[in-house]
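The values are calculated or read from the model by the stated rules, or taken from the named source; none is laboratory data. Because the structure is a prediction, the values reported are computed rather than measured. Every residue, glycine as well, gets a Cβ built from its backbone with ideal geometry; the counts of neighbours run over all protein chains shown.
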(Lines give C-alpha, C1' and ligand atoms only; values in the text may rest on other atoms or scores of the structure.)
Protein backbone atom coordinates (compact mmCIF):
# COMPACT_ATOMS: atom_id res chain seq x y z
CA UNK A 1 0.00 0.00 0.00
CA UNK A 2 1.13 3.56 -0.69
CA UNK A 3 -0.39 6.92 0.18
CA UNK A 4 -0.44 9.87 -2.19
CA UNK A 5 -0.04 13.60 -1.79
CA UNK A 6 -3.81 13.99 -2.05
CA UNK A 7 -4.29 12.04 1.17
CA UNK A 8 -1.72 14.20 2.95
CA UNK A 9 -3.51 17.34 1.72
CA UNK A 10 -6.82 15.91 2.95
CA UNK A 11 -5.36 15.39 6.44
CA UNK A 12 -3.91 18.89 6.42
CA UNK A 13 -7.38 20.35 5.90
CA UNK A 14 -8.48 18.91 9.24
CA UNK A 15 -5.28 19.99 11.01
CA UNK A 16 -5.49 23.67 10.05
CA UNK A 17 -8.18 24.69 12.58
CA UNK A 18 -6.37 22.95 15.44
CA UNK A 19 -2.99 24.45 14.52
CA UNK A 20 -4.43 27.97 14.10
CA UNK A 21 -6.90 28.17 16.98
CA UNK A 22 -5.64 25.41 19.28
CA UNK A 23 -7.81 24.38 22.22
CA UNK A 24 -9.84 27.60 22.18
CA UNK A 25 -12.46 25.90 20.01
CA UNK A 26 -14.62 23.53 22.09
CA UNK A 27 -14.32 19.99 20.89
CA UNK A 28 -11.50 20.75 18.45
CA UNK A 29 -9.62 17.56 19.17
CA UNK A 30 -12.77 15.49 18.89
CA UNK A 31 -13.44 17.06 15.50
CA UNK A 32 -9.86 16.33 14.47
CA UNK A 33 -10.19 12.69 15.46
CA UNK A 34 -13.41 12.42 13.50
CA UNK A 35 -11.70 13.98 10.50
CA UNK A 36 -8.88 11.46 10.70
CA UNK A 37 -11.34 8.60 10.85
CA UNK A 38 -13.22 10.05 7.87
CA UNK A 39 -10.03 10.48 5.83
CA UNK A 40 -8.86 6.93 6.61
CA UNK A 41 -12.27 5.57 5.70
CA UNK A 42 -12.05 7.32 2.33
CA UNK A 43 -8.57 5.87 1.88
CA UNK A 44 -9.81 2.33 2.60
CA UNK A 45 -12.70 2.73 0.16
CA UNK A 46 -10.28 4.06 -2.46
CA UNK A 47 -7.90 1.14 -1.85
CA UNK A 48 -10.66 -1.44 -2.22
CA UNK A 49 -11.83 0.19 -5.44
CA UNK A 50 -8.33 0.07 -6.96
CA UNK A 51 -7.63 -2.68 -9.47
CA UNK A 52 -5.42 -5.56 -8.28
CA UNK A 53 -1.86 -4.91 -9.57
CA UNK A 54 -1.01 -8.60 -9.54
CA UNK A 55 -3.61 -9.28 -12.24
CA UNK A 56 -1.22 -8.15 -14.97
CA UNK A 57 1.21 -9.78 -17.36
CA UNK A 58 4.60 -8.16 -17.99
CA UNK A 59 6.61 -8.58 -21.21
CA UNK A 60 9.89 -6.86 -22.05
CA UNK A 61 11.04 -5.53 -25.41
CA UNK A 62 14.80 -4.96 -25.30
CA UNK A 63 17.65 -4.93 -27.82
CA UNK A 64 20.44 -7.38 -27.09
CA UNK A 65 23.28 -4.84 -26.97
CA UNK A 66 24.25 -1.21 -27.36
CA UNK A 67 27.51 0.73 -27.48
CA UNK A 68 28.49 2.76 -24.46
CA UNK A 69 27.15 6.32 -24.68
CA UNK A 70 24.47 5.52 -27.27
CA UNK A 71 20.75 5.67 -26.54
CA UNK A 72 18.50 2.72 -27.24
CA UNK A 73 14.72 2.37 -26.91
CA UNK A 74 13.11 -0.28 -24.74
CA UNK A 75 9.61 -1.11 -23.69
CA UNK A 76 7.46 -2.94 -21.15
CA UNK A 77 4.15 -4.40 -22.34
CA UNK A 78 1.56 -4.42 -19.53
CA UNK A 79 -1.53 -6.59 -20.03
CA UNK A 80 -4.50 -5.98 -17.73
CA UNK A 81 -6.16 -9.36 -17.11
CA UNK A 82 -8.58 -8.10 -14.41
CA UNK A 83 -12.16 -6.91 -14.88
CA UNK A 84 -11.41 -3.40 -13.68
CA UNK A 85 -9.73 -0.49 -15.34
CA UNK A 86 -6.10 -0.25 -14.23
CA UNK A 87 -4.46 3.11 -13.84
CA UNK A 88 -1.38 4.03 -11.92
CA UNK A 89 2.42 4.18 -12.28
CA UNK A 90 5.13 1.70 -13.27
CA UNK A 91 8.71 1.99 -12.11
CA UNK A 92 11.38 -0.20 -13.71
CA UNK A 93 14.15 -1.57 -11.49
CA UNK A 94 17.15 -0.82 -13.71
CA UNK A 95 20.57 -0.17 -12.26
CA UNK A 96 21.33 3.58 -12.13
CA UNK A 97 24.21 3.11 -14.61
CA UNK A 98 21.68 1.86 -17.20
CA UNK A 99 20.45 5.46 -17.55
CA UNK A 100 16.74 4.59 -17.83
CA UNK A 101 14.47 7.58 -18.52
CA UNK A 102 11.79 8.23 -17.52
CA UNK A 103 12.13 6.36 -14.24
CA UNK A 104 8.35 6.27 -13.74
CA UNK A 105 5.73 5.76 -16.42
CA UNK A 106 2.01 6.47 -15.87
CA UNK A 107 -0.54 4.14 -17.47
CA UNK A 108 -4.29 3.76 -17.91
CA UNK A 109 -5.32 0.33 -19.23
CA UNK A 110 -8.94 -0.80 -19.70
CA UNK A 111 -9.88 -4.32 -18.62
CA UNK A 112 -8.56 -7.02 -20.94
CA UNK A 113 -6.31 -4.68 -22.92
CA UNK A 114 -2.57 -4.08 -23.12
CA UNK A 115 -0.31 -1.07 -23.42
CA UNK A 116 3.36 -0.60 -24.17
CA UNK A 117 5.28 1.75 -21.89
CA UNK A 118 8.41 2.98 -23.65
CA UNK A 119 11.61 4.33 -22.15
CA UNK A 120 15.13 5.22 -23.24
CA UNK A 121 18.35 3.64 -21.98
CA UNK A 122 21.61 5.62 -22.12
CA UNK A 123 24.18 3.48 -20.26
CA UNK A 124 27.02 5.23 -18.48
CA UNK A 125 29.09 2.10 -17.78
CA UNK A 126 30.30 -0.78 -19.90
CA UNK A 127 29.14 -4.31 -19.12
CA UNK A 128 25.81 -6.07 -18.75
CA UNK A 129 23.15 -3.83 -17.22
CA UNK A 130 20.36 -5.80 -15.56
CA UNK A 131 16.88 -5.37 -14.15
CA UNK A 132 15.01 -7.98 -12.14
CA UNK A 133 11.60 -6.48 -11.37
CA UNK A 134 9.09 -3.75 -12.00
CA UNK A 135 7.03 -1.97 -9.34
CA UNK A 136 3.35 -1.41 -10.17
CA UNK A 137 1.29 1.09 -8.22
CA UNK A 138 -2.47 0.87 -8.88
CA UNK A 139 -4.41 3.96 -7.79
CA UNK A 140 -8.00 4.09 -6.69
CA UNK A 141 -10.61 6.43 -8.26
CA UNK A 142 -9.97 9.11 -5.60
CA UNK A 143 -6.18 8.88 -5.86
CA UNK A 144 -5.71 8.69 -2.06
CA UNK A 145 -4.34 5.21 -1.43
CA UNK A 146 -2.72 2.85 -3.92
CA UNK A 147 -1.95 -0.82 -4.14
CA UNK A 148 1.72 -1.55 -4.82
CA UNK A 149 3.47 -4.75 -5.80
CA UNK A 150 6.90 -5.75 -7.17
CA UNK A 151 6.72 -8.23 -10.05
CA UNK A 152 9.54 -10.33 -11.46
CA UNK A 153 10.49 -9.09 -14.93
CA UNK A 154 14.15 -9.89 -15.60
CA UNK A 155 15.97 -8.17 -18.43
CA UNK A 156 19.55 -7.56 -19.53
CA UNK A 157 21.30 -5.20 -21.91
CA UNK A 158 24.94 -5.74 -22.86
CA UNK A 159 26.84 -2.46 -23.14
CA UNK A 160 29.76 -2.77 -25.55
CA UNK A 161 32.95 -0.67 -25.70
CA UNK A 162 32.18 2.48 -27.70
CA UNK A 163 35.12 2.23 -30.18
CA UNK A 164 35.40 5.99 -30.62
CA UNK A 165 38.85 5.49 -32.15
CA UNK A 166 37.34 4.01 -35.33
CA UNK A 167 37.38 7.56 -36.72
CA UNK A 168 41.17 7.13 -37.08
CA UNK A 169 40.83 3.91 -39.10
CA UNK A 170 40.37 5.34 -42.65
CA UNK A 171 43.55 7.44 -42.52
CA UNK A 172 45.61 4.54 -41.13
CA UNK A 173 44.20 2.17 -43.73
CA UNK A 174 45.31 4.61 -46.43
CA UNK A 175 48.83 4.50 -45.03
CA UNK A 176 48.69 0.72 -44.94
CA UNK A 177 47.58 0.54 -48.58
CA UNK A 178 50.49 2.76 -49.54
CA UNK A 179 52.78 0.41 -47.65
CA UNK A 180 51.42 -2.62 -49.51
CA UNK A 181 51.65 -0.87 -52.87
CA UNK A 182 47.91 -0.77 -53.54
CA UNK A 183 48.07 2.93 -54.40
CA UNK A 184 50.41 4.82 -56.76
CA UNK A 185 52.54 5.78 -53.76
CA UNK A 186 54.93 2.84 -53.52
CA UNK A 187 57.16 1.83 -50.64
CA UNK A 188 60.54 0.61 -51.85
CA UNK A 189 62.18 -2.53 -50.61
CA UNK A 190 61.97 -6.26 -51.16
CA UNK A 191 59.44 -8.33 -49.31
CA UNK A 192 60.12 -11.49 -47.40
CA UNK A 193 57.17 -13.71 -48.39
CA UNK A 194 57.39 -15.94 -51.48
CA UNK A 195 55.06 -14.86 -54.27
CA UNK A 196 55.89 -16.68 -57.52
CA UNK A 197 58.57 -17.97 -59.91
CA UNK A 198 59.64 -16.30 -63.13
CA UNK A 199 62.51 -16.47 -65.61
CA UNK A 200 65.73 -14.63 -64.82
CA UNK A 201 66.29 -11.26 -66.47
CA UNK A 202 69.34 -9.04 -66.41
CA UNK A 203 69.56 -7.11 -63.14
CA UNK A 204 67.92 -9.72 -60.91
CA UNK A 205 69.60 -10.58 -57.63
CA UNK A 206 71.44 -13.87 -58.12
CA UNK A 207 70.55 -14.79 -54.56
CA UNK A 208 66.94 -15.12 -55.69
CA UNK A 209 67.75 -17.93 -58.16
CA UNK A 210 65.83 -21.12 -57.37
CA UNK A 211 68.19 -23.88 -58.61
CA UNK A 212 65.71 -26.68 -58.04
CA UNK A 213 63.09 -24.93 -60.14
CA UNK A 214 65.77 -24.25 -62.73
CA UNK A 215 66.67 -27.95 -62.86
CA UNK A 216 63.02 -28.90 -63.33
CA UNK A 217 62.49 -26.29 -66.02
CA UNK A 218 62.55 -27.41 -69.63
CA UNK A 219 62.77 -23.87 -70.94
CA UNK A 220 66.51 -24.22 -71.58
CA UNK A 221 65.80 -26.44 -74.55
CA UNK A 222 63.53 -23.82 -76.05
CA UNK A 223 63.79 -20.06 -75.79
CA UNK A 224 65.21 -18.17 -72.83
CA UNK A 225 67.86 -18.93 -70.28
CA UNK A 226 65.85 -21.45 -68.28
CA UNK A 227 67.07 -19.93 -65.00
CA UNK A 228 64.17 -19.39 -62.55
CA UNK A 229 64.14 -16.79 -59.78
CA UNK A 230 61.81 -16.29 -56.84
CA UNK A 231 59.76 -13.12 -56.48
CA UNK A 232 58.82 -11.77 -53.10
CA UNK A 233 56.15 -9.59 -51.57
CA UNK A 234 55.76 -7.95 -48.16
CA UNK A 235 55.04 -10.70 -45.68
CA UNK A 236 51.45 -11.19 -44.61
CA UNK A 237 49.76 -13.45 -42.10
CA UNK A 238 51.94 -12.28 -39.25
CA UNK A 239 50.77 -12.86 -35.70
CA UNK A 240 49.79 -9.88 -33.57
CA UNK A 241 49.13 -10.79 -29.93
CA UNK A 242 47.46 -8.05 -27.87
CA UNK A 243 47.74 -8.54 -24.10
CA UNK A 244 45.56 -6.25 -21.98
CA UNK A 245 46.39 -5.90 -18.29
CA UNK A 246 43.22 -6.14 -16.16
CA UNK A 247 45.01 -5.83 -12.81
CA UNK A 248 44.50 -3.13 -10.21
CA UNK A 249 46.35 -0.40 -12.12
CA UNK A 250 43.84 -0.68 -14.97
CA UNK A 251 41.08 0.59 -12.69
CA UNK A 252 42.57 4.09 -12.41
CA UNK A 253 40.60 6.82 -14.18
CA UNK A 254 42.62 8.98 -16.56
CA UNK A 255 40.77 11.93 -18.12
CA UNK A 256 37.49 10.57 -16.69
CA UNK A 257 37.97 7.19 -18.37
CA UNK A 258 39.18 3.94 -16.79
CA UNK A 259 42.61 2.94 -18.05
CA UNK A 260 41.26 -0.43 -19.15
CA UNK A 261 38.68 1.26 -21.41
CA UNK A 262 41.47 3.17 -23.13
CA UNK A 263 43.27 -0.14 -23.59
CA UNK A 264 40.15 -1.60 -25.20
CA UNK A 265 39.93 1.35 -27.61
CA UNK A 266 43.58 0.90 -28.57
CA UNK A 267 43.16 -2.85 -29.02
CA UNK A 268 40.10 -2.45 -31.25
CA UNK A 269 41.79 0.07 -33.55
CA UNK A 270 44.98 -1.97 -33.79
CA UNK A 271 43.05 -5.19 -34.43
CA UNK A 272 40.97 -3.61 -37.20
CA UNK A 273 44.09 -2.15 -38.82
CA UNK A 274 46.18 -5.32 -38.58
CA UNK A 275 43.32 -7.45 -39.87
CA UNK A 276 43.12 -5.28 -43.00
CA UNK A 277 46.89 -5.66 -43.27
CA UNK A 278 46.52 -9.43 -43.56
CA UNK A 279 47.84 -10.26 -40.09
CA UNK A 280 46.34 -12.71 -37.60
CA UNK A 281 45.07 -11.13 -34.40
CA UNK A 282 44.86 -12.73 -30.97
CA UNK A 283 43.60 -10.81 -27.94
CA UNK A 284 44.17 -11.78 -24.32
CA UNK A 285 42.91 -10.01 -21.18
CA UNK A 286 44.94 -11.24 -18.24
CA UNK A 287 45.83 -10.45 -14.62
CA UNK A 288 46.34 -13.69 -12.72
CA UNK A 289 43.99 -15.63 -14.92
CA UNK A 290 42.49 -15.17 -18.35
CA UNK A 291 39.47 -12.84 -18.24
CA UNK A 292 38.79 -12.84 -22.00
CA UNK A 293 40.35 -14.42 -25.07
CA UNK A 294 39.77 -13.97 -28.81
CA UNK A 295 41.80 -16.33 -30.99
CA UNK A 296 41.57 -17.12 -34.69
CA UNK A 297 38.89 -14.59 -35.69
CA UNK A 298 39.13 -12.62 -38.93
CA UNK A 299 37.24 -9.94 -40.80
CA UNK A 300 33.96 -8.66 -39.41
CA UNK A 301 33.84 -11.56 -36.95
CA UNK A 302 37.01 -10.28 -35.28
CA UNK A 303 35.64 -6.96 -34.03
CA UNK A 304 32.28 -8.53 -33.19
CA UNK A 305 33.91 -11.17 -31.00
CA UNK A 306 36.24 -8.63 -29.45
CA UNK A 307 33.56 -6.17 -28.33
CA UNK A 308 31.39 -9.03 -27.09
CA UNK A 309 34.23 -10.60 -25.09
CA UNK A 310 35.53 -7.30 -23.70
CA UNK A 311 32.12 -5.91 -22.73
CA UNK A 312 31.89 -7.61 -19.34
CA UNK A 313 35.57 -7.45 -18.37
CA UNK A 314 36.15 -5.26 -15.32
CA UNK A 315 39.43 -4.38 -13.57
CA UNK A 316 40.43 -6.70 -10.75
CA UNK A 317 41.95 -5.23 -7.61
CA UNK A 318 44.91 -7.60 -7.67
CA UNK A 319 48.45 -7.43 -9.01
CA UNK A 320 48.97 -8.79 -12.51
CA UNK A 321 51.13 -11.92 -12.74
CA UNK A 322 53.58 -10.95 -15.47
CA UNK A 323 55.61 -14.14 -15.02
CA UNK A 324 52.72 -16.06 -16.62
CA UNK A 325 52.32 -13.75 -19.63
CA UNK A 326 55.16 -15.35 -21.61
CA UNK A 327 53.57 -18.79 -21.16
CA UNK A 328 50.20 -17.41 -22.29
CA UNK A 329 51.80 -15.99 -25.44
CA UNK A 330 53.58 -19.29 -26.14
CA UNK A 331 50.24 -21.07 -25.80
CA UNK A 332 48.89 -18.86 -28.59
CA UNK A 333 51.84 -19.04 -31.01
CA UNK A 334 55.37 -20.42 -31.23
CA UNK A 335 56.22 -18.20 -34.20
CA UNK A 336 57.76 -14.79 -33.90
CA UNK A 337 54.98 -12.26 -33.40
CA UNK A 338 54.27 -8.68 -32.49
CA UNK A 339 53.26 -8.70 -28.81
CA UNK A 340 51.52 -5.53 -27.64
CA UNK A 341 51.27 -5.07 -23.88
CA UNK A 342 48.59 -2.55 -22.86
CA UNK A 343 49.35 -1.77 -19.24
CA UNK A 344 50.49 0.90 -16.79
CA UNK A 345 54.18 1.67 -16.97
CA UNK A 346 54.28 4.95 -15.07
CA UNK A 347 55.99 4.03 -11.80
CA UNK A 348 58.96 1.77 -11.06
CA UNK A 349 57.10 0.01 -8.26
CA UNK A 350 54.06 -1.06 -10.28
CA UNK A 351 56.21 -1.87 -13.33
CA UNK A 352 58.73 -4.16 -11.63
CA UNK A 353 56.90 -7.33 -12.70
CA UNK A 354 56.54 -6.05 -16.26
CA UNK A 355 60.24 -5.22 -16.58
CA UNK A 356 61.19 -8.62 -15.17
CA UNK A 357 59.05 -10.38 -17.78
CA UNK A 358 60.23 -8.38 -20.80
CA UNK A 359 63.50 -10.27 -21.50
CA UNK A 360 61.60 -13.53 -21.90
CA UNK A 361 59.31 -11.90 -24.46
CA UNK A 362 61.80 -9.79 -26.41
CA UNK A 363 64.04 -12.82 -27.09
CA UNK A 364 61.32 -14.41 -29.21
CA UNK A 365 59.01 -11.57 -30.25
CA UNK A 366 58.81 -7.93 -31.18
CA UNK A 367 57.34 -6.27 -28.10
CA UNK A 368 55.53 -2.93 -27.80
CA UNK A 369 54.50 -1.57 -24.39
CA UNK A 370 51.62 0.93 -24.63
CA UNK A 371 50.64 3.01 -21.62
CA UNK A 372 48.43 6.00 -20.89
CA UNK A 373 49.82 9.31 -19.64
CA UNK A 374 47.69 11.58 -17.48
CA UNK A 375 47.08 15.00 -19.10
CA UNK A 376 46.47 16.45 -15.64
CA UNK A 377 50.05 15.59 -14.65
CA UNK A 378 51.42 17.30 -17.77
CA UNK A 379 49.29 20.36 -17.03
CA UNK A 380 50.33 20.47 -13.38
CA UNK A 381 54.01 20.26 -14.31
CA UNK A 382 53.69 23.51 -16.28
CA UNK A 383 52.09 25.56 -13.46
CA UNK A 384 54.30 27.99 -11.51
CA UNK A 385 51.80 30.62 -10.36
CA UNK A 386 52.26 30.39 -6.57
CA UNK A 387 54.01 28.37 -3.88
CA UNK A 388 51.34 25.67 -3.83
CA UNK A 389 51.43 25.18 -7.58
CA UNK A 390 55.24 24.99 -7.49
CA UNK A 391 55.06 22.06 -5.06
CA UNK A 392 52.40 20.44 -7.24
CA UNK A 393 54.59 20.95 -10.30
CA UNK A 394 57.52 19.35 -8.47
CA UNK A 395 55.41 16.28 -7.69
CA UNK A 396 54.23 16.14 -11.32
CA UNK A 397 57.81 16.39 -12.59
CA UNK A 398 58.78 13.54 -10.30
CA UNK A 399 55.93 11.43 -11.71
CA UNK A 400 57.01 12.21 -15.27
CA UNK A 401 60.61 11.37 -14.40
CA UNK A 402 59.54 8.00 -12.99
CA UNK A 403 57.57 7.26 -16.16
CA UNK A 404 60.54 8.15 -18.36
CA UNK A 405 62.80 5.89 -16.26
CA UNK A 406 60.44 2.95 -16.74
CA UNK A 407 60.22 3.65 -20.49
CA UNK A 408 64.02 3.82 -20.77
CA UNK A 409 64.38 0.53 -18.90
CA UNK A 410 61.83 -1.13 -21.20
CA UNK A 411 63.67 0.10 -24.29
CA UNK A 412 66.95 -1.14 -22.86
CA UNK A 413 65.36 -4.58 -22.53
CA UNK A 414 64.45 -4.56 -26.23
CA UNK A 415 60.85 -3.32 -26.20
CA UNK A 416 59.32 -0.33 -27.95
CA UNK A 417 57.31 2.04 -25.76
CA UNK A 418 54.27 4.09 -26.79
CA UNK A 419 52.94 6.66 -24.30
CA UNK A 420 50.12 9.13 -24.98
CA UNK A 421 47.02 10.65 -23.35
CA UNK A 422 43.82 8.55 -23.56
CA UNK A 423 42.45 10.18 -26.71
CA UNK A 424 45.80 9.92 -28.51
CA UNK A 425 46.99 6.45 -27.48
CA UNK A 426 44.93 4.41 -30.02
CA UNK A 427 46.20 6.32 -33.10
CA UNK A 428 49.72 6.46 -31.67
CA UNK A 429 49.76 2.67 -31.28
CA UNK A 430 48.39 2.26 -34.81
CA UNK A 431 51.14 4.51 -36.15
CA UNK A 432 53.78 2.45 -34.35
CA UNK A 433 52.37 -0.73 -35.93
CA UNK A 434 52.58 0.84 -39.40
CA UNK A 435 56.14 2.04 -38.71
CA UNK A 436 57.20 -1.46 -37.62
CA UNK A 437 55.64 -2.95 -40.72
CA UNK A 438 57.34 -0.40 -42.97
CA UNK A 439 60.73 -1.06 -41.39
CA UNK A 440 60.43 -4.81 -41.92
CA UNK A 441 60.40 -5.66 -38.22
CA UNK A 442 57.14 -7.56 -38.64
Counting only residues that are in contact with a strand residue (DSSP E or B) (Cβ under 9 Å, 6 or more places away or on another chain) and part of a loop (DSSP other than H, G, I, E, B), how many does region 311-330 have? 8
Does residue 293 satisfy the condition of being surrounded by fewer than 17 Cβ atoms within 10 Å (Cβ to Cβ) and part of a strand (DSSP E or B)? yes
Subset of region 49-65, residues assigned to a loop (DSSP other than H, G, I, E, B) and either farther than 26 Å from residue 305 by Cβ or free of Cβ contacts under 8 Å to residues at least 60 places away in the same chain (or both), comes to 50, 51, 52, 53, 54, 55
Single residue of 142, 121 found to be in contact with a helix residue (DSSP H, G or I) (Cβ under 6 Å, 6 or more places away or on another chain), buried (at least 17 other Cβ atoms within 10 Å of the Cβ) and more than 22 Å from residue 158 (Cβ to Cβ): 142
Exactly one of 305, 248 is surrounded by fewer than 21 Cβ atoms within 10 Å (Cβ to Cβ), closer than 26 Å to residue 346 by Cβ and at pLDDT 90 or above, and that one is 248
Residues satisfying the stated conditions in region 405-436, i.e. over 21 Å from residue 355 (Cβ atoms) and touching a strand residue (DSSP E or B) at 6+ places or on another chain (Cβ under 6 Å): 422, 428
Failed condition for residue 311, given (1) farther than 23 Å from residue 238 by Cβ; (2) free of Cβ contacts under 8 Å to residues at least 60 places away in the same chain, with all others met? (2)
